[in-house]
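Taking it in order: structure first as structure tokens, then the write-up.
The values are calculated or read from the model by the stated rules, or taken from the named source; none is laboratory data. Owing to the predicted nature of the structure, the values given are computational and were not obtained by experimental measurement. Neighbour counts run over all protein chains shown; Cβ positions are idealised from the backbone, glycine included.
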Amino acid sequence: MRKWSDVLFFFLSTKMLPLVAGLLPIYLVAQNSGMLDSIWLLVILYTSMNLPIAVWMMRSFLAEVPAEIMEAAQIDGAGLGTTLMRIVAPVAMPGIAATALISFIFSWNELLFARVLTGIVAGTTPVFLTGFVTSQGLFLAKVCAAAVVISLPVLIAGFAAQDKLVQGLSLGAVK
Amino acid sequence: MPTATEPTRRSPRARDTVPAPGRRAARTRRRQRAMDWARRAPLLPALVFLIIVTQLPFVATVVISFLHWNALAPENRGFAAFDNYKAVFTDPAMRASMGTTVVLTVTVVLVSLLLGLVLALLLDRSFRGRGIVRTLLITPFLVVPVASALLWKHALYNASYGLINGSLTWIWGLFGSDSPPQPDWMTDSPLAAVEVSLIWQWTPFMMLILLAGLQSRATDAIEAARMDGAPAFDIFRYLTLPHLRRYLELAALLGTVYVVQNFDAVFTITSGGLGTANLPPTRPASAPRSACTATASSSARAPASAPGRR
């Protein structure tokens, strides 16, 4: 058990090693496998970028699920799958939502990898915005409009779930 | 980590409470073991995925860093030992950018942590319109960093039409002066300009974590202390602060992790014109096919410099 707590910590520690340190090999692999400028490359990378935080957040939310109700479900003969789907998932739903929100924010906002690894086809909104500035930089109002439109989805999602955001960001520190 | 030992605490208790004579005990033990594995197995795919995507490229980076590899002569590859590292460490721009990164990170994390603490303490009181205030305070964290960096650069810092210099003109105008100071913020103090925008962006993050900490603290001890007439500062110093320590550490840790890797603000506001000129902006990202030469020719520098700076 002790060892698996260390594994959990390893998850978080991968976050300390900037993914940028592996940017060149990732670029070369992407180029050779024809995945440059593909949205799926970013999907894979962003998943791995947000995975550590997501694991830790989910862990702290799942730790709040009382062990008693799981034991009760077991005694009543529920299998693991049933327990997870019918008992744990509903209780942990706000936590799942908060985790999804955080991952959404960081993926939506990411610029560096999107800029280096994508171009015309799979450019994400931050990439579009930087390009938009080079072409329309003097039209300040247009740039502001673009910035607002791009930020809007994150703002709405964040406002809707701000209570959960407070809880979710404190990761394992909240019991 | 505080919760790290929790599963260890829980499982023995679960085992103890089961009445366990004979065969039934064996069955429960088997079941317990199955449960343990059920708990571990779901982590494995994520772990493998994470190692492949984030750790292996870094290993590859380390390997490449010991090679001679020039994109203009790709067939001419060979072992270079520490030559590349020598080149990196004798490059003054590299040393300067490392220093900048450290200063930037420390300043941003400390200041936003302090501001976040103050804001969290204020938000922890109940007052009318608290929900709106909190919503507004969270906003900087939600705005797309590139967008906010752009607004800082063009709408606030700009020397001729920026909001800051506009305000200065207005204030000086109030006192009848025609020559207000109009500093060019981005060229006079580029690092401070980036820092301020980053502090603005990360303060809500710190505030949210500390707010969660404040809301989880037990109120009875504080009430008792207040009853006994303890001064507000002492309550903060001896009750609130020790409770918040874990949250402060967590906020500082996460903040550091994200700010060290910051790219958007530096890239947008100064385009690396601080000596923070890091590798990524030098790549023609808009033309991926031709970018290969630029990427590979800088490969000698990239591997060693990337982990150090961002």
For the structure I just gave you, tell me whether residue A:76 is within 20 Å of residue A:115 (Cα to Cα) and among the acidic types (Asp, Glu).
no
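For every residue, the table says whether it meets (1) under 29 Å from residue B:134 (Cα atoms); (2) aromatic (Phe, Trp, Tyr); (3) surrounded by 14 or more Cβ atoms within 10 Å (Cβ to Cβ).
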site	(1), (2), (3)
A:118	no, no, yes
A:123	no, no, yes
A:126	yes, no, yes
A:131	no, no, yes
A:144	yes, no, yes
A:147	yes, no, yes
A:152	yes, no, no
A:158	yes, no, yes
Looking at the stretch A:50-65, is at least one residue away from chain B (no Cβ under 13 Å), more than 10 Å from the chain's Cα centre (by Cα) and in a helix (DSSP H, G or I)?
no
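Does the stretch B:112-125 include one or more residues that are more than 12 Å from every other protein chain (Cβ to nearest Cβ) and not hydrophobic (A, V, I, L, M, F, W, C)? Please lay out each step first, then the result.
Filtering the stretch B:112-125 down to residues more than 12 Å from every other protein chain (Cβ to nearest Cβ) leaves B:112-115, B:117-119, B:121-122, B:125.
With not hydrophobic (A, V, I, L, M, F, W, C) added as a condition, the list becomes B:112, B:125.
For the stretch B:112-125, residues more than 12 Å from every other protein chain (Cβ to nearest Cβ) and not hydrophobic (A, V, I, L, M, F, W, C): present.
This table checks each residue for (1) assigned by TED's automatic domain parsing to the domain that holds residue B:104; (2) over 28 Å from residue A:162 (Cα atoms); (3) crowded, with 22+ Cβ neighbours inside 10 Å.
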{"site": "B:140", "(1), (2), (3)": "yes, no, no"}
{"site": "B:151", "(1), (2), (3)": "yes, no, no"}
{"site": "B:156", "(1), (2), (3)": "yes, no, no"}
{"site": "B:171", "(1), (2), (3)": "yes, yes, no"}
{"site": "B:174", "(1), (2), (3)": "yes, yes, no"}
{"site": "B:194", "(1), (2), (3)": "yes, no, yes"}
{"site": "B:199", "(1), (2), (3)": "yes, no, yes"}
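Does the stretch A:25-47 include one or more residues that are within 24 Å of residue B:34 (Cα to Cα), facing chain B (nearest Cβ under 7 Å) and at pLDDT 80 or above? Reasoning before the result, please.
The initial filter retains those residues of the stretch A:25-47 that are within 24 Å of residue B:34 (Cα to Cα), namely none.
No, there is no match, as no residue in the stretch A:25-47 is within 24 Å of residue B:34 (Cα to Cα), facing chain B (nearest Cβ under 7 Å) and at pLDDT 80 or above.
Given B:234, B:220, B:264, which one is acidic (Asp, Glu) and closer than 21 Å to residue A:113 by Cβ? Give the derivation first.
Numbers: B:234 fails: closer than 21 Å to residue A:113 by Cβ; B:220 fails: closer than 21 Å to residue A:113 by Cβ.
Among B:234, B:220, B:264, only B:264 is acidic (Asp, Glu) and closer than 21 Å to residue A:113 by Cβ.
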Taking the stretch B:217-252 as the search range and keeping residues that are of a type in the set (A, V, I, L, M) and exposed (fewer than 15 other Cβ atoms within 10 Å of the Cβ), which one is farthest from the other protein chains (Cβ to nearest Cβ)?
B:227
Filter the stretch A:9-49 for residues that are in a helix (DSSP H, G or I) and of a type in the set (S, T, N, Q) and give the result.
A:13, A:31, A:32, A:47, A:48
I'd like to check something: does the stretch B:161-175 contain any residue that is away from chain A (no Cβ under 14 Å) and either in a loop (DSSP other than H, G, I, E, B) or in contact with an Asp or Glu (Cβ under 7 Å, 6 or more places away or on another chain) (or both)?
yes
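Residue-wise test of (1) touching a residue at least 60 places away in the same chain (Cβ under 8 Å); (2) more than 30 Å from residue A:37 (Cα to Cα).
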site: A:88; (1), (2): no, yes
site: A:93; (1), (2): no, yes
site: A:99; (1), (2): yes, no
site: A:112; (1), (2): yes, no
site: A:115; (1), (2): no, no
site: A:125; (1), (2): no, no
site: A:131; (1), (2): no, no
site: A:141; (1), (2): no, no
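Of the residues B:201, B:215, which single one is under 26 Å from residue B:249 (Cα atoms) and in contact with a Pro (Cβ under 9 Å, 6 or more places away or on another chain)?
Of the residues listed, the single one that is under 26 Å from residue B:249 (Cα atoms) and in contact with a Pro (Cβ under 9 Å, 6 or more places away or on another chain) is B:201.
Checking the condition out of contact with any strand residue (DSSP E or B) (no Cβ under 9 Å at 6 or more places or on another chain), closer than 22 Å to residue A:49 by Cα, part of a helix (DSSP H, G or I) and more than 9 Å from chain B (Cβ to nearest Cβ), which residue from A:102, A:150 passes?
Numbers: A:150 fails: more than 9 Å from chain B (Cβ to nearest Cβ).
It is A:102.
Tell me, please, whether a residue that is farther than 26 Å from residue B:146 by Cβ and either aliphatic (A, V, I, L, M) or touching a strand residue (DSSP E or B) at 6+ places or on another chain (Cβ under 6 Å) (or both) can be found in the stretch A:40-53.
Taking the stretch A:40-53 and keeping what is farther than 26 Å from residue B:146 by Cβ, we get none.
So far as the stretch A:40-53 goes, no, none of its residues is farther than 26 Å from residue B:146 by Cβ and either aliphatic (A, V, I, L, M) or touching a strand residue (DSSP E or B) at 6+ places or on another chain (Cβ under 6 Å) (or both).
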Screening A:138, A:84, A:129 for residues that are within 12 Å of chain B (Cβ to nearest Cβ), outside any helix (DSSP H, G or I) and either farther than 21 Å from residue A:48 by Cβ or at pLDDT below 80 (or both) leaves only A:138
Residue count, the stretch B:180-202 (criterion: in a helix (DSSP H, G or I) and more than 13 Å from chain A (Cβ to nearest Cβ))
15
Among the residues of the stretch A:20-35, the number that are surrounded by fewer than 22 Cβ atoms within 10 Å (Cβ to Cβ) and either under 17 Å from residue A:110 (Cα atoms) or not hydroxyl-bearing (Ser, Thr, Tyr) (or both) is 8
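Taking into account only those residues within the stretch B:128-152 that are of a type outside the set (A, V, I, L, M) and more than 10 Å from chain A (Cβ to nearest Cβ), which is farthest from residue A:104 (Cα to Cα)? Break it down into steps so the answer makes sense when it comes.
Kept after step one, since they are of a type outside the set (A, V, I, L, M), are these residues of the stretch B:128-152: B:128-131, B:134-135, B:139-141, B:145, B:148, B:152.
Now drop any that are not more than 10 Å from chain A (Cβ to nearest Cβ), which leaves B:128-130, B:140, B:152.
Values: B:128: 31, B:129: 28, B:130: 26, B:140: 16, B:152: 24 Å.
Going through the qualifying residues, I end up with B:128.
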Do we find a residue being buried (at least 19 other Cβ atoms within 10 Å of the Cβ), in a helix (DSSP H, G or I), of a type outside the set (S, T, N, Q) and modelled with pLDDT under 80 anywhere in the stretch B:73-85?
no
